[in-house]
Structure formats: C-alpha cells, structure tokens
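Comments concern the structure below.
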Amino acid sequence: MPDSEQSNRSIKAPHQPIAGYYTTEEERASFIRDMFDTTSVDYDRIEHLLALGTGQWYRGQALKRAGLQSGMEILDVGCGTGLLAAQAIEIIGSSELLTGLDPSLGMLQASTLLRKATLIGGRAEHIPFPDNSFDFLSMGYALRHVSNLEQVFGEYLRVLKPGGKLCILEITRPETRLGSVLLKTYMRTLVPLLARAISTTGETSKLWRYYWDSIEACVPPRRILQTLENVGFSGVKQHRELRIFSEYQAVKQQSGFR
Ligand SMILES: C[S@@+](CC[C@H](N)C(=O)[O-])C[C@H]1O[C@@H](n2cnc3c(N)ncnc32)[C@H](O)[C@@H]1O
C-alpha cells in the first residue's frame, strides 16, 4: 500500500502481519512470545556480537540524552534479558528504582537482573501499574513487536508522572536505497549465519531473520512521532545515530493528567 494511502488510515500496529511468520494480528503476540522464549538463552551473546560490544555503551548514552538521571524511578518495557535496564540502573544508582516488564518469561528468566530488580510479566498494551507511577519510561528494540501503537503510547502517558520522560530506542530502515540494501544484506545473510554458528537453539537464526523483516515492514519515524503527539505527549522528537539507531523522546506535560 502506498505510504500516502496508508497515512489516511488510522494506524494501529507498527506493521502489517508478516507473511511466512504469522498471518493475522491475533497470531502476532503468541508468535513473538514463543520466539523470544525459545531464543532467550542466546540473546545476550548474539546481541554483543552484532554490536561488537558497543551496544551497552550506546544504550546508556541514549538514556542520558533522553534525560534519565540519578534517583529516578523507571519502568523498562520490553526489558527482555535486561540489557537496557542494566544501563538504566547504572545511571539511576539503584536496582530498587527499576521495574522491568516483558511478556516473555523465558527472557526474564535469562536476565542477569532476575534477583536484583523487580521483573514482571506483562505487555506494553496493558501496563499493570496505576496512573502517574514513574519518572521515566524506556523501551529498547521492542516497539516493532507491539500490536497497537496508540494504545501503547496511551499507556505510557498514563503511567508516567506529570513531567515524566519517555525514551524509545528502535532500529530504523535507512532512507537511501543503497543503505537499505546494505543493511538488509547484512541482516538477512551474515547475521542469521553468525546466529546459527554460535546459538544453542535452531530458532535463533529465525529470530534474527525476523529482526530485519520487521524493521523493513515498520511504519516510518514520522508516524511514530505523530502518534506520540496524538495521544498527548509534548516535546516529541527523534534523535538519530548512524542513520539507523532512532531514539524517540517525549515528555508528559506537567498539566497533562488524563
Ligand atoms: C529485542 S528484545 C529487546 C530487549 C531489551 N530491551 C534490549 O534492549 O536488549 C525485545 C523484547 O520485547 C518484548 N516484547 C515483545 N512484545 C512485547 C509487548 N507487546 N510489550 C512489551 N514487550 C514486548 C520481547 O519479549 C523481547 O524481550
């Protein structure tokens, strides 16, 4: 569907169901949960390999750019094994100030934070906390997996305290054709090969193939920014590093009670 045609429709999911993995929106959540459950033991190792060890440093820098500071109470949604959460704890100064939320119990059980921070099962679409609970909300590389952007951003606005800050990290398809082809070749060939070589489960190469396919299918950044504004966030902006690492930042207005 041309982008202009799509822009006239109310966008719910960040992308349509992806053929070859699942065919309906309903199948998406169980497909995603099963995929992360079965590949959780390999996640950190492969992530470190792909980012050549810089992934953790980058996550910390992005959180600081979005305004995370010592002493803030933070909810990390889609925390998985805790790679972003661990960086957040370094900044806020105490694991007691961090809560991690993820629908994959396999990812939570594989987390190094399991006995250090509060980790609970749940989805971004229905956050099990009262209104105005957190100073900061982060989400790392999980936005492509939700089923309704408006609903998720509405939940983020609800659980943030007035003045609370949001930081969403996501990979964005390069704007140029050449950049897109290069990244696709890397993600569709080299990454699954490497994943197969060092993984303990056959499912892991599928995870990393799906990784690119969902990046390619994802709505453009302006749609994400627009949806954040539509639900009521202010100060909405995108910071981009190396053209593919997007950081979406937003603030819940002081008077923005819902
Ligand atoms: C690529 S991992 C990212 C983990 C971690 N945030 C990081 O920085 O490495 C994506 C995580 O999003 C989780 N996820 C998938 N669907 C979700 C949803 N609807 N709500 C919240 N988290 C979700 C997955 O279970 C998985 O643990």
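The values are calculated or read from the model by the stated rules, or taken from the named source; none is laboratory data. It should be emphasised that the depicted structure is a prediction, and the values quoted were computed from it without experimental measurement. Glycine also receives a Cβ, built like all others from the backbone with ideal geometry; neighbour counts cover every protein chain displayed.
Summary table below
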| quantity | calculated |
| --- | --- |
| Failed item in (1) over 23 Å from T23 (Cα atoms); (2) surrounded by 18 or more Cβ atoms within 10 Å (Cβ to Cβ); (3) free of Cβ contacts under 8 Å to residues at least 24 places away in the same chain, with P192 passing the rest | (1) |
| Per-region count, segment 218-233, residues modelled with pLDDT under 95 and of a type in the set (A, V, I, L, M) | 1 |
| Residue list for segment 114-140, restricted to those being near the ligand (Cβ under 9 Å from one of its atoms) and either of a type in the set (D, E, K, R) or modelled with pLDDT under 95 (or both) | R123, E125 |
| Pick from segment 42-64, criterion of a type in the set (G, A, S) and without any contact (Cβ under 8 Å) to a residue 40 or more places away in the chain, ranking: nearest to Q238 (Cα to Cα) | G60 |
| Residues of segment 113-131 that turn out to be exposed (fewer than 15 other Cβ atoms within 10 Å of the Cβ) and in contact (Cβ under 8 Å) with a residue 60 or more places away in the chain, as a count | 1 |
| Enumeration of residues in segment 134-171 that are out of contact with any Lys or Arg (no Cβ under 7 Å at 6 or more places or on another chain) and either part of a loop (DSSP other than H, G, I, E, B) or of a type in the set (G, A, S) (or both) | S138, Y141, A142, V146, G154 |
| Cβ pairs under 6 Å, 6+ apart, first in segment 241-256 and surrounded by fewer than 13 Cβ atoms within 10 Å (Cβ to Cβ) and modelled with pLDDT under 95, second assigned to a strand (DSSP E or B) and not polar (S, T, N, Q) | Q254/P162; Q254/G163 |
| Residue ID - farthest from L143 (Cα to Cα), chosen from residues in segment 37-80 that are assigned to a loop (DSSP other than H, G, I, E, B) and within 11 Å of the ligand (Cβ to nearest atom) | A51 |
| Any hit, segment 99-108, residues being more than 22 Å from I198 (Cα to Cα), among the acidic types (D, E) and within 9 Å of the ligand (Cβ to nearest atom) | yes |
| Filter result (aliphatic (A, V, I, L, M), in contact with a strand residue (DSSP E or B) (Cβ under 9 Å, 6 or more places away or on another chain) and closer than 16 Å to H145 by Cα) within segment 181-229 | I215, I224 |
| Subset of segment 34-54 [of a type outside the set (D, E), surrounded by fewer than 19 Cβ atoms within 10 Å (Cβ to Cβ) and under 27 Å from R243 (Cβ atoms)] | R45, H48, L49, L50, A51, L52, G53, T54 |
| Index of the failed condition, R243 passing every other in (1) over 19 Å from the mean Cα position of the chain (by Cα); (2) assigned to a loop (DSSP other than H, G, I, E, B) | (1) |
| Among (1) free of Cβ contacts under 8 Å to residues at least 40 places away in the same chain; (2) within 20 Å of the chain's Cα centre (by Cα); (3) surrounded by fewer than 16 Cβ atoms within 10 Å (Cβ to Cβ), the one test that M187 misses | (3) |
| Residue in segment 152-161 that is modelled with pLDDT of 95 or more and aromatic (F, W, Y) present | yes |
| Residues of segment 1-36 satisfying the condition of being part of a helix (DSSP H, G or I) and at pLDDT below 85 | D3, S4, E5, Q6, S7, E25, E26 |
